[in-house]
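The values are calculated or read from the model by the stated rules, or taken from the named source; none is laboratory data. Just so we're clear, the structure is a prediction, and the values are computed from it rather than from any experiment. Ideal geometry is used to build each Cβ from the backbone, glycine not excepted, and the neighbour counts take in all protein chains shown.
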Amino acid sequence: LDVETDLRRALERHEMVLNYQPIVSLSDGRIRGFEALARWHHAERGDIPPSEFIPLAEETGMIVELGQWVLRNACAQMVEWNRDFTDQGPFEISVNLSGRQFTQLDLVRMVTNSLEGTGLQANCLKLEITESALMENAQRSAQMLRHLKELDIKVCVDDFGTGYSSLSYLHTFPIDTLKIDKSFVQDMGRNRHNLEIVRTIALLAQNLRLDVIAEGVETPEQLAQLRAIGCGYAQGFLFSRPLTTENVRRLLAENR
Ligand code: G
Ligand code: G
Ligand code: MN
Ligand code: NA
């Protein structure tokens, strides 16, 4: 099976779609934005999860084309919702970048093209980069982040707490948001240690003037603990699973 051909065909045949998971402000319960999550409904093989096809796309180099498609589509979608739901927005759209995408030389141009091509306001776009991808080459990352920030977009460190950030780098990276990895959030109730880790990350974010999002929030108990800690934003099945575009539209229409 030729994965590269398969991936290319997936885009042409519209087998690839984006789902959107709401990110909620804990201060007022409003939707702050959405994370775009790629889904592959393969015609013969059924659903293939991103944990499988993203690494394949990286190996074959198809990640460049796929990433371009994701970014462009997510930006276009957000222009539409920000136009149709001015009562609730403007929303931010978070787009994941793999390590390989983040080191792509023409990333800045790709982002610029997506913004100009869709008309999305730059400060409505947030790129999510994992802590480990950022730390792979911290100096090069700092430089790439500076170029991205010149576009006036936002940057979120994904899966925070699972990599090895040196605090001195964190301080010099021009980032906007820390997203606390779900492994810590999901274990808060059972494991006192993880509750303290979440509290410490929230405090760190506060001191560095960064927004903080807890991901993987599934229970009202976790939500209560996050509120008590003073965590600003949350994302997880408790609020909503990743939704199809039709279901996001329905949700926003109901919220009016
Ligand atoms: O949605 P789900 O939990 O299955 O996502 C699994 C992983 O795939 C997550 O780490 C997520 O960041 C990643 N992922 C989902 N969509 C994209 C995408 O469009 N681009 C990249 N690079 N990663 C994605
Ligand atoms: O690595 P990244 O944070 O980009 O991945 C986000 C993934 O987390 C998505 O695949 C999404 O489906 C998943 N996710 C979102 N909310 C929850 C949740 O409450 N519980 C679990 N187990 N997974 C979640
Ligand atoms: Mn993410
Ligand atoms: Na994550």
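Residues in the stretch 194-249 that are closer than 14 Å to GLY29 by Cα, surrounded by 19 or more Cβ atoms within 10 Å (Cβ to Cβ) and more than 18 Å from the chain's Cα centre (by Cα): LEU223, LEU226. Of the residues examined, LEU7 is not one that is within 29 Å of GLU254 (Cβ to Cβ) and in contact with a strand residue (DSSP E or B) (Cβ under 9 Å, 6 or more places away or on another chain).
Assess whether ALA36 counts as being farther than 17 Å from THR5 by Cα and in contact (Cβ under 8 Å) with a residue 24 or more places away in the chain.
It is true that ALA36 is farther than 17 Å from THR5 by Cα and in contact (Cβ under 8 Å) with a residue 24 or more places away in the chain.
Taken as a whole, the structure leaves ILE129 outside the set of residues that are away from ligand 2 (no atom under 16 Å from the Cβ), under 18 Å from the mean Cα position of the chain (by Cα), β-branched (Val, Ile, Thr) and crowded, with 17+ Cβ neighbours inside 10 Å.
When the criteria are applied in full, ASN255 fails the requirement of being of a type outside the set (Ser, Thr, Tyr), within 27 Å of ILE129 (Cβ to Cβ) and more than 16 Å from ligand 1 (Cβ to nearest atom). Could you please give the count of residues in the stretch 25-47 that are out of contact with any Leu (no Cβ under 9 Å at 6 or more places or on another chain) and either modelled with pLDDT of 95 or more or within 14 Å of ligand 2 (Cβ to nearest atom) (or both)? So the answer is 10. The set of residues from the stretch 166-195 being over 20 Å from ILE229 (Cβ atoms), of a type in the set (Gly, Ala, Ser) and assigned to a loop (DSSP other than H, G, I, E, B) comprises just one member, SER166. Could you say whether any residue in the stretch 99-109 is under 15 Å from VAL17 (Cα atoms) and touching an Asp or Glu at 6+ places or on another chain (Cβ under 9 Å)? No, there is no match, as no residue in the stretch 99-109 is under 15 Å from VAL17 (Cα atoms) and touching an Asp or Glu at 6+ places or on another chain (Cβ under 9 Å).
If only one of VAL70, VAL79, VAL24 is touching a Lys or Arg at 6+ places or on another chain (Cβ under 9 Å) and either surrounded by fewer than 20 Cβ atoms within 10 Å (Cβ to Cβ) or closer than 25 Å to ARG250 by Cβ (or both), which one is it?
The unique qualifying residue is VAL24.
Taking the stretch 1-108 and the strands (runs of 3 or more DSSP E) fully enclosed by it, the elements with 2 or more residues that are touching a helix residue (DSSP H, G or I) at 6+ places or on another chain (Cβ under 6 Å) are at 16-25, 31-42, 92-97. Residues of the stretch 120-149 that are in a strand (DSSP E or B) and polar (S, T, N, Q): THR130 alone. One residue stands out among those in the stretch 137-170 that are farther than 20 Å from ASN194 by Cα and within 16 Å of ligand 2 (Cβ to nearest atom): the one that is surrounded by the fewest Cβ atoms within 10 Å (Cβ to Cβ), which is VAL155.
Taking the stated definitions as given, is LEU56 at pLDDT below 95 and farther than 21 Å from VAL108 by Cα?
Yes, satisfied.
Considering the stretch 206-227, the residues that are within 15 Å of ligand 4 (Cβ to nearest atom) and not in a strand (DSSP E or B) include one that is nearest to GLN143 (Cα to Cα), namely GLY216.
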